[in-house]
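What follows is calculated from the coordinates using simple rules that are stated; it is not laboratory data. Only a predicted model underlies this, so the values are computations on that prediction, with no experimental measurement involved. When we count neighbours, we look across all protein chains shown, and the Cβ atoms used for this are built from the backbone with ideal geometry, even at glycine.
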Amino acid sequence: MSTVSVVTLAKGRPAHLANVLRGLERQTQKPVEFIVAVMQDDLYDLPQASFPVRQIRVPGAALPLAAARNRGVAGATGEAIVFLDVDCIPAPDLVADYAAGLCALDGLLMGEVLHLPEHATAGDWTYEGLASVAEKHSDRRGPPATGLEICPDYRCFWSLNFAIRRATFLASGGFDERYTGYGGEDTDFGKALDQGGLPIAWMKGGLAYHQYHPHHMPPVHHLDSVVRNAELFEAKWGYRTMGHWLHAFRVMGLIDDTPDRPIRILRRPDADDLALTGQQGHQPYTNSASVIRAIEARGAAVPA
């Protein structure tokens, strides 16, 4: 895999995107190009880079995440594709690590992710500074000690930092573009690869630093798309995905997800729901497990 294209999906967050580009400029192996699938009307004002930077508009009122990934690959020329979310700064060896990993295994490779607190990227950040404050997500397992490790459960696929051979991606059919908005499209892609016999693997290396931004977990701010995409997944595969989020929504009294019936949204998230699930400034990431435990603790007082 001598040539690597990096694909990022972006809507808003121009400062985050600029940091991704800064990270790519500091790579030990430069990408052959940086493709930004732009999910908004206006293109970004980006600095000059030592490799081609191309922006591709991807229309859609809701977040067209699946379509944007497919458009990015369609416009790419590299033998390998690295997907980075717009909030992920690549460590210096990320491109080289993925190039080597994809030479060893024709599959989907998931690199390491560490999470940054608020203000970690303020000013002229350094990798030493990022590493000194970054934290591992407590809800995610760590990488293997060395090399690659096959993940036997497709649900381990996390789409914010991964790589795959371009030819393999195209042969798979890519992401299912019926998924729109937040949630489910990556699990569906992992399921499709699993059904096709393509391995999904954790990798030592391929490190990215996830930049802070306010978020909710479970994602009550994306209630509608999570429900819609869970039902699409069920229609396609026979069961629902994102079960931990649906469970949280249920005990919060937001939905009725009785099996064998369409999911009903009972009410909209209110200020208390947003406060409970929202990321705070001192937190490098939101912790779904701890929020769900808090929800369950008060669940007896919430109507089913």
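Things to note:
- Using alpha-carbon coordinates, inclination of helix 185-195 to the longest axis of the chain, degrees: 80
- Residues in region 201-218 carry Karplus couplings, in order, of 9, 6, 9, 6, x, x, 6, 10, 9, 7, 6, 5, 7, x, 8, 10, 8, x Hz; the curve used is 6.51 cos²θ - 1.76 cosθ + 1.60 with θ = phi - 60°, and Gly or Pro positions show x.
- For the chain, the relative contact order comes to 20 percent (Cα pairs under 8 Å, sequence separation of at least 6).
- For Ser5, the shell of other residues with beta-carbons less than 15 Å away shows a net charge of +4, using +1 for Lys and Arg and -1 for Asp and Glu.
- Take the Cα of Ser132, step 7 Å toward its Cβ, do the same at Ser2, and the gap between the two points is 4.1 nm.
- Rounded tilt (10° steps) of 94-104 against the dominant C-alpha axis of the chain: 90
- Couplings 3J(HN,Hα) for region 106-119, derived from phi with the Karplus relation 6.51 cos²θ - 1.76 cosθ + 1.60 (θ = phi - 60°), are 8, x, 9, 10, 10, x, 6, 9, 10, 10, 9, x, 4, 6 Hz, where x marks Gly and Pro.
- Cβ-isolated cysteines (cut-off 4.7 Å), the chain: Cys88, Cys103
- Note: relative contact order over region 159-231, using C-alpha pairs below 8 Å and six or more positions apart, is 40 percent.
- Zone of Arg54's modelled label, taken as backbone nitrogen in region 146-172 under 20 Å from a point 7 Å along Cα→Cβ: 163-172
- Gaussian network model of the chain, Cα within-10 Å springs - most flexible of Asp186, Asp124, Asp87: Asp124
- For the pair Thr258 and Asp42, label points projected 7 Å from Cα toward Cβ lie 4.8 nm apart.
- If you run the Gaussian network model on the chain, springs between alpha carbon atoms under 10 Å, then out of Arg261, Arg69, Arg250 the most flexible one is Arg261.
- GNM flexibility winner over the chain from Thr277, Thr180, Thr126 (Cα, springs under 10 Å): Thr126
- Relative contact order %, region 109-205, counting alpha carbon pairs below 8 Å whose residues are six or more apart: 44
- Counting only lysines at least 8 places from Lys191 when in the same chain, those with an alpha carbon closer than 29 Å to its own are Lys11, Lys136, Lys204, Lys236.
- Cα gyration tensor, region 136-223 - rounded (a/c under 1.5), prolate or oblate: oblate
- Net charge of the neighbourhood of Leu43, taken over other residues with C-beta under 15 Å away and scored Lys/Arg +1, Asp/Glu -1, is +2.
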